[in-house]
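The values are calculated or read from the model by the stated rules, or taken from the named source; none is laboratory data. This is a predicted model, so every value here is computed, not measured. Please note: Cβ atoms are built from the backbone with ideal geometry, for glycine as well, and neighbour counts cover all protein chains shown.
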Amino acid sequence: MTRQELLAACDLFLFDLDGTVYLGDAPIAGAAEALARLRRAGKRVVFLTNNSSRTPAEYEKKLRRLGLWGDDDRVYTSADATAEYLNAHFPGRRACLLATQAVAAQFCAAGVTLDEDAPDVCVLAYDTTLTFEKMRRFNELLAVGKPFIATHPDDVCPTAGVPMPDVGSFLALFERSCGRRPDVICGKPYAVMGECVARTFGVPAAATCMVGDRLHTDIRFGNANGMRTLLVLSGETTRENMAKYPDTPDLVLESVAAL
């Protein structure tokens, strides 16, 4: 598929964040101009991230500071998808949530009732304020069979230097300590996020393009959910390591600037 064919086919462009539109605190060269061209062409821009340690408002603030934000843009996170899933499948039920304070407030604002003492379901987000006591209590609840939902499966979070352990690493910890894996994982590359995006933004999957730098999350997500996919080589994936993964994008570009 060519760039022209991709642009003609898609009305909604979903952009991963780190490695795709910025690296750390620096925008990808040419990303702001490419995003502006898409908006002028009538395309919808949504920033889609698995990272559930921050709220959409916090991401918007950063994107504005980096000059990447447009007035009609949206940020949608795996925490948004998880809150939607809870409201649909556990309506009115109480959740024990491991999350940062800001993300916990986001769940509450979405109508999820939080209760650490007598919950009906356990939810694991990317809690960068995690303490041993919080892990111990969560482990006890998993051990007695409470339903277990995770926001996303990423093992590490990209950072300068050594990557930080992410939700996938916490999942391995709980599997070792109580033998439980999540009953549902909501974020990329799974179907919950895809269904939520289609419902939230009202654009069919065939007219949606997922743009990202990771084959096993971004591109796998788009492929699994019937979307068009664009791999950019400005982040984790290189032409040399593409062969390690079975996932095939519709188009590969050096960066979003080339779009």
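crowded, with 18+ Cβ neighbours inside 10 Å, among the hydrophobic types (A, V, I, L, M, F, W, C) and within 22 Å of Tyr85 (Cβ to Cβ): does that describe Val192? Full working, then the answer.
Details: crowded, with 18+ Cβ neighbours inside 10 Å: yes; among the hydrophobic types (A, V, I, L, M, F, W, C): yes; within 22 Å of Tyr85 (Cβ to Cβ): yes.
Considered against the rule, which asks whether it is crowded, with 18+ Cβ neighbours inside 10 Å, among the hydrophobic types (A, V, I, L, M, F, W, C) and within 22 Å of Tyr85 (Cβ to Cβ), Val192 comes out as yes.
For the stretch 248-259, what are the residues that are surrounded by 20 or more Cβ atoms within 10 Å (Cβ to Cβ) and of a type in the set (A, V, I, L, M)?
Across the stretch 248-259, the qualifying residues are Val256, Leu259.
Report, by residue number, each residue of the stretch 71-85 that is surrounded by fewer than 24 Cβ atoms within 10 Å (Cβ to Cβ) and not β-branched (Val, Ile, Thr).
Passing the criteria: Asp71, Asp72, Asp73, Arg74, Tyr76, Glu84, Tyr85.
How about the stretch 208-231: which of its residues are modelled with pLDDT under 95 and surrounded by fewer than 22 Cβ atoms within 10 Å (Cβ to Cβ)?
His216
Out of curiosity, is Thr20 surrounded by 16 or more Cβ atoms within 10 Å (Cβ to Cβ) and touching a residue at least 60 places away in the same chain (Cβ under 8 Å)? Can you show your working first?
Details: surrounded by 16 or more Cβ atoms within 10 Å (Cβ to Cβ): yes; touching a residue at least 60 places away in the same chain (Cβ under 8 Å): yes.
So Thr20 passes the test.
Kindly evaluate Tyr245 against the criterion of being buried (at least 21 other Cβ atoms within 10 Å of the Cβ) and not charged (D, E, K, R).
Values: buried (at least 21 other Cβ atoms within 10 Å of the Cβ): no; not charged (D, E, K, R): yes.
Against the criterion (buried (at least 21 other Cβ atoms within 10 Å of the Cβ) and not charged (D, E, K, R)), Tyr245 does not qualify.
Consider the stretch 88-105. How many of its residues are within 19 Å of Val75 (Cα to Cα) and either of a type in the set (A, V, I, L, M, F, W, C) or surrounded by 13 or more Cβ atoms within 10 Å (Cβ to Cβ) (or both)?
Let us first name the residues in the stretch 88-105 that are within 19 Å of Val75 (Cα to Cα), namely 99-105.
This time we only want the ones that are either of a type in the set (A, V, I, L, M, F, W, C) or surrounded by 13 or more Cβ atoms within 10 Å (Cβ to Cβ) (or both), so: 99-100, 102-105.
Here the count works out to 6.
Could you give every pair whose Cβ atoms fall below 9 Å, whose first residue belongs to the stretch 224-244 and is on the phi > 0 side of the Ramachandran plot and in the same structural domain as Val21 (by TED's automatic domain parsing), and whose second residue is surrounded by 12 or more Cβ atoms within 10 Å (Cβ to Cβ) and among the polar types (S, T, N, Q), counting only separations of at least 6 or pairs across chains?
Within 9 Å, the pairs are Gly226/Thr208.
Considering only residues that are outside any loop (DSSP other than H, G, I, E, B), of a type outside the set (S, T, N, Q) and under 16 Å from Cys10 (Cβ atoms), which ones fall in the stretch 215-251? Outline the logic, then answer.
Applying the first criterion (outside any loop (DSSP other than H, G, I, E, B)) to the stretch 215-251 yields 215-224, 228-232, 242-244, 251.
Within this subset, residues satisfying the condition of being of a type outside the set (S, T, N, Q) are 215-216, 218-222, 224, 228, 230-232, 242-244, 251.
Within the stretch 215-251, Asp218, Ile219, Phe221, Gly222, Arg228, Leu230, Leu231, Val232, Leu251 qualify.
Restricting attention to the stretch 106-158, and to residues there that are polar (S, T, N, Q) and farther than 23 Å from Met193 by Cβ, which single residue is surrounded by the fewest Cβ atoms within 10 Å (Cβ to Cβ)?
Filtering the stretch 106-158 for residues polar (S, T, N, Q) gives 106, 113, 128-129, 131, 139, 151.
Narrowing the set further to residues that are farther than 23 Å from Met193 by Cβ leaves 129, 131, 139.
On the way: Thr129: 12, Thr131: 10, Asn139: 15.
Only one residue tops the list, namely Thr131.
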